[in-house]
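Undergrad: Structure incoming, see below.
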Amino acid sequence: MSFQVKVQPSGLQYPADEAENLLQSALNAGLNLPYGCRNGSCGACKGRVVEGEVDLGDAPETSLSAAERDEGYALLCCAQPRSDLLIEVREASRNTDFPIVKLPSRVQLIERVADDVIVLKIKLPPSENFRFQAGQYLDFLIAGGRRRSFSIASAPEHAGELELHIRRIPGGEFTGQIFDSLKVRDLLRFEGPLGSFYLREGDKPIVLIAGGTGFAPIKSIVEHMIASGIRRPVALYWGARDLSGLYLDALARSWEGVLPDFRYVPVLSDSSDASWSGRTGLVHRAVVEDFPDLSAHEVYVCGAPAMVDAARADLAAQCALPETGFFADTFSFAADSAS
Ligand SMILES: Cc1cc2nc3c(=O)[nH]c(=O)nc-3n(C[C@H](O)[C@H](O)[C@H](O)COP(=O)(O)OP(=O)(O)OC[C@H]3O[C@@H](n4cnc5c(N)ncnc54)[C@H](O)[C@@H]3O)c2cc1C
Ligand code: FES
């Protein structure tokens, strides 16, 4: 059975099957709503049900609290419609420019840039015009209809080849294969572009916060700014445990000479390295120290769930960052591996 969903304040409408989650139905209908993981772990797809009935599905308490449920909130990647609906979602638009497609790709480069990080380059079929927004991710399609998400690290301007930064997960099935058996010229199938982590238009100063391989979509955003002439003040904070975790440190430093108002601040959480004279501690705390007032900024955060959650809470509470100025992508587990 199909129901009609109206999204406010955009006024957009779409049909939603009762057996499909509300996010997937929106994507099927060519609508863009905010989302990240698509499995209930990041909270990016939260919306409020103003009228109508939904089944909240498997929404975990960590992403949708009891108080939020009482206020009518739902995770759209988990909730299914049980009647026609009116829902409230902060950003909604028609997705005509960046259609989600499934494509084959061929491995072009496998470069070990740290003990546990590989830079992977994949080539797309010459006949395909794959378009994405800097900051978005793709899903590699693996055996058994399963998928693994990775952010695109190259700029959309470099058509035909995509760069990805892959951190090895101990015992990880897919990342283990990438490190141990993947070869140049192997085929990888993927679906994309996905997610709503991309640079919003405007002229507000930007703070970019990356944790580990969370640097990947941030690199895409900065290289897109360089290639397309977007000139806004940017402060990039890149956090890692030790120096090897800043696996493209020289590249990040070089952007200071390319963008006119760009500052790069590397932050190490392990302060035992005597050769390190830079910032130490949690990367988002360095931002809190440097920016007591973020009320007129946009902040883009990418990395592990704990880092993203702490940044969201502390920047709002201690730096007056409005919710509308916070954008994040959370590197959570795949749905079939969450434990
Ligand atoms: C939107 C999005 C974008 C992402 N982009 C990137 C990226 O650009 N670069 C990158 O390196 N990673 C990225 N990730 C994380 C990446 O998808 C996972 O690390 C990957 O799915 C692990 O797959 P696997 O098969 O190797 O591990 P699995 O076999 O699925 O997992 C093995 C075990 O490891 C643990 N585990 C799984 N994933 C993680 C994790 N991320 N962190 C800690 N423990 C984990 C779980 O306990 C699991 O049981 C992204 C995730 C999301 C949701
Ligand atoms: S919780 Fe729904 S997209 Fe992450």
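The values are calculated or read from the model by the stated rules, or taken from the named source; none is laboratory data. Because the structure is predicted, anything quoted here is derived from the model rather than measured. Neighbour counts run over all protein chains shown; Cβ positions are idealised from the backbone, glycine included.
Undergrad: State the number of residues belonging to the range 38-79 that are surrounded by fewer than 21 Cβ atoms within 10 Å (Cβ to Cβ), in a strand (DSSP E or B) and of a type in the set (Val, Ile, Thr).
TA: Of the residues in that region, 1 qualify.
Undergrad: Would you say Glu298 is without any contact (Cβ under 8 Å) to a residue 12 or more places away in the chain, at negative phi and not small (Gly, Ala, Ser)?
TA: Values: without any contact (Cβ under 8 Å) to a residue 12 or more places away in the chain: no; at negative phi: yes; not small (Gly, Ala, Ser): yes.
No.
Undergrad: Another question about this same structure. Say whether the condition of being farther than 19 Å from Arg38 by Cβ, more than 15 Å from ligand 2 (Cβ to nearest atom), part of a loop (DSSP other than H, G, I, E, B) and assigned by TED's automatic domain parsing to the domain that holds Val267 is met by at least one residue in the range 301-321.
TA: yes
Undergrad: For the range 165-196, how many residues meet the condition of being near ligand 1 (Cβ under 6 Å from one of its atoms), of a type in the set (A, V, I, L, M, F, W, C) and surrounded by 18 or more Cβ atoms within 10 Å (Cβ to Cβ)?
TA: The qualifying residues number 2.
Undergrad: Name every residue in the range 193-229 that is among the small types (Gly, Ala, Ser) and either in the same structural domain as Glu128 (by TED's automatic domain parsing) or part of a loop (DSSP other than H, G, I, E, B) (or both), in order of residue number.
TA: The answer is Gly195, Ser196, Gly202, Gly229.
Undergrad: Among the residues of the range 176-183, is there at least one that is closer than 23 Å to Gly211 by Cβ, of a type in the set (Gly, Ala, Ser) and touching a Phe, Trp or Tyr at 6+ places or on another chain (Cβ under 8 Å)?
TA: No, there is no match, as no residue in the range 176-183 is closer than 23 Å to Gly211 by Cβ, of a type in the set (Gly, Ala, Ser) and touching a Phe, Trp or Tyr at 6+ places or on another chain (Cβ under 8 Å).
Undergrad: Could you list, in sequence order, all residues of the range 160-194 that are within 16 Å of ligand 2 (Cβ to nearest atom) and of a type in the set (A, V, I, L, M, F, W, C)?
TA: Within the range 160-194, Leu194 is the sole residue that qualifies.
Undergrad: Of these, Pro126, Pro156, which one is of a type outside the set (Asp, Glu) and touching a Lys or Arg at 6+ places or on another chain (Cβ under 7 Å)?
TA: Pro156
Undergrad: Something else: Looking only at the range 22-37, which residues are near ligand 2 (Cβ under 7 Å from one of its atoms) and either in a loop (DSSP other than H, G, I, E, B) or among the basic types (Lys, Arg) (or both)? Lay out the reasoning, then the answer.
TA: We begin by selecting, within the range 22-37, every residue near ligand 2 (Cβ under 7 Å from one of its atoms); these are 23, 35-37.
Tyr35, Gly36, Cys37 - these are the residues of the range 22-37 that are near ligand 2 (Cβ under 7 Å from one of its atoms) and either in a loop (DSSP other than H, G, I, E, B) or among the basic types (Lys, Arg) (or both).
Undergrad: Against the definition (farther than 23 Å from Gln4 by Cα and either away from ligand 1 (no atom under 16 Å from the Cβ) or more than 19 Å from the chain's Cα centre (by Cα) (or both)), how does Val89 come out, yes or no?
TA: no
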